[in-house]
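Working notes for the structure below.
The values are calculated or read from the model by the stated rules, or taken from the named source; none is laboratory data. This one's a predicted model, so the numbers in the text were calculated from it and none came from an experiment. Note that we place each Cβ from the backbone using ideal geometry, even for glycine, and neighbour counts take in every protein chain shown.
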Amino acid sequence: MTTLEHDAGPLVSLADYGQAARARLPERARAYIDGGAGDETSLADNLAAWNRLALAPRVLTGAGTADTAVTVLGRRRPHPVIIAPTAFAALAHPDGETAIARGADATATTICLSTLASTPPAALAAAVPDVSRWCQLYVFRDRGVTRELIATAEAHGFEALVLTADRPVLGVRGRERRHDVRPAAASKGPGAAVNLRAPADFSAQIDAALTWDDVAKLASQTALPVVVKGILSAHDARLACAHGAAAVVVSNHGGRQLDTVLSGADALPAVVDAVAGEIEVLVDGGIRRGTDVVKALALGARAVMVGRPVLWGLAIDGAAGVQRVLELLLDELATALVLTGAGAVGALGPDTVLPAPWARS
Ligand SMILES: Cc1cc2nc3c(=O)[nH]c(=O)nc-3n(C[C@H](O)[C@H](O)[C@H](O)COP(=O)(O)O)c2cc1C
């Protein structure tokens, strides 16, 4: 693995990439990528929550090498890291989602493409045909637009539809407001070469009044597994089971929607309990270390999604930067699997984590 340098020295962690990206990105792109909602309490807590968990390693288990393989939505994958859907990646780098997909392909990582991606699904599939890919859905009031998106995803090798449930309207995002970040403005932002397909006022186009019946309808209309993203309660997790979802993503949208909600890390155990193995549970928010991934898996997640760090890698070095960010995380994951004594993902369990003494108030 080559190690990039920047002013503060070599980039050896995801946080290093964050620092370097913040130094490089134009202010408006930085506000869009790194910002959160309200007082950014949930944004900060997404990171803090993983650190409130301690690891309880076992020694002399004979686990000298790591086996990171997992099964997600019925497919065997070499590791449990998935790239979260993030809109307008061209704000971070002109090659946008195509570069993200190349970095994903190089590390056998699944990419979940946003409805609001700078690169349309068919173009992404043509550019990086071998990448494992999921398609995130915002449901438009004009159901024709949504039907077309689903048909495109089905025709171009996307393996799952990820319905985002926690963005009926945009959260109150101070940093975006301060820097006048709107898709239309962002597309003209310095250094950005965004070719937006979505209408500039796409918020007005999104159906803000979706219900669980829409999830059931979607599940009945496609052969692809439907994943509901943005679940924070056991009750909603049960409803996802009852309405045909194949999985849920426990997520607070990277702290960008409703502030002062639970982090993915804190909401995860109740959701895992509630679904009782009926459907799969994924989690995102604040995953920055291999140890965070181990904690998520130990608490019952099948896989994790990673958002901002991928955009930081993209901003620093395009596809190669994305690849290096993912390699760093996967390398840390492998190390943590050996050092916890688990070796394989399947050997992780609730005993691997406990409330951290340093987090007691
Ligand atoms: C810049 C940015 C754009 C995002 N756009 C979308 C989106 O279009 N659809 C979606 O479901 N989630 C979106 N999200 C939320 C991510 O999918 C994910 O839930 C979140 O980033 C995970 O937290 P992390 O950034 O701390 O890893 C976005 C997040 C960021 C940072």
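With respect to the conditions (1) closer than 30 Å to SER263 by Cβ; (2) crowded, with 19+ Cβ neighbours inside 10 Å; (3) small (Gly, Ala, Ser), GLY174 lacks only one, and its number is (2).
Scanning the range 272-287 for residues that are more than 9 Å from VAL248 (Cα to Cα) and within 16 Å of the ligand (Cβ to nearest atom) yields ASP284, GLY285, GLY286, ILE287.
Filtered by the rule that a residue be more than 16 Å from the ligand (Cβ to nearest atom), in contact (Cβ under 8 Å) with a residue 40 or more places away in the chain and part of a strand (DSSP E or B), the range 75-127 gives ARG75, ARG77.
Would you point out the residue of the range 258-271, among those that are among the small types (Gly, Ala, Ser) and in contact with a strand residue (DSSP E or B) (Cβ under 6 Å, 6 or more places away or on another chain), that is farthest from the ligand (Cβ to nearest atom)? Give the steps one after another, and end with the answer.
To start, the set of residues in the range 258-271 that are among the small types (Gly, Ala, Ser) comprises 263-265, 267, 270.
With the extra rule that they be in contact with a strand residue (DSSP E or B) (Cβ under 6 Å, 6 or more places away or on another chain), the set shrinks to 264, 267.
On the way: GLY264: 8, ALA267: 13 Å.
Only one residue fits best here, namely ALA267.
Residues in the range 32-63 that are surrounded by fewer than 21 Cβ atoms within 10 Å (Cβ to Cβ), of a type in the set (Gly, Ala, Ser) and assigned to a helix (DSSP H, G or I): ALA44, ALA48. All told, GLU154 meets the bar of being surrounded by fewer than 22 Cβ atoms within 10 Å (Cβ to Cβ) and either more than 20 Å from the chain's Cα centre (by Cα) or within 12 Å of the ligand (Cβ to nearest atom) (or both).
Could you look through the range 96-127, keep only residues that are aliphatic (A, V, I, L, M) and surrounded by 23 or more Cβ atoms within 10 Å (Cβ to Cβ), and pick out the one that is farthest from PRO78 (Cα to Cα)?
Taking the range 96-127 first, the residues aliphatic (A, V, I, L, M) are 99-101, 104, 106, 108, 111, 113, 116-117, 122-127.
Now drop any that are not surrounded by 23 or more Cβ atoms within 10 Å (Cβ to Cβ), which leaves 99-101, 104, 111, 113, 117, 124.
Numbers: ALA99: 21, ILE100: 18, ALA101: 16, ALA104: 12, ILE111: 14, LEU113: 20, ALA117: 26, LEU124: 22 Å.
Restricting to residues being aliphatic (A, V, I, L, M) and surrounded by 23 or more Cβ atoms within 10 Å (Cβ to Cβ), the top hit is ALA117.
Contact map, the range 266-277: residues that are under 23 Å from ALA359 (Cα atoms) paired with residues that are surrounded by fewer than 20 Cβ atoms within 10 Å (Cβ to Cβ) and polar (S, T, N, Q), Cβ distance under 8 Å, separation 6+ or inter-chain. Pairs shown: ALA267/SER233; ALA270/SER233; VAL271/SER233.
Does ARG133 satisfy being within 17 Å of VAL304 (Cα to Cα), among the charged types (D, E, K, R), away from the ligand (no atom under 12 Å from the Cβ) and touching a residue at least 24 places away in the same chain (Cβ under 8 Å)? It would help to see each step written out before you state the result.
On the way: within 17 Å of VAL304 (Cα to Cα): yes; among the charged types (D, E, K, R): yes; away from the ligand (no atom under 12 Å from the Cβ): yes; touching a residue at least 24 places away in the same chain (Cβ under 8 Å): yes.
Yes.
Inside the range 169-202, residues that are modelled with pLDDT of 55 or more, within 12 Å of the ligand (Cβ to nearest atom) and closer than 30 Å to ALA237 by Cβ make up a count of 5.
Take the conditions (1) modelled with pLDDT under 95; (2) part of a loop (DSSP other than H, G, I, E, B); THR146 misses just one of them, which is (2).
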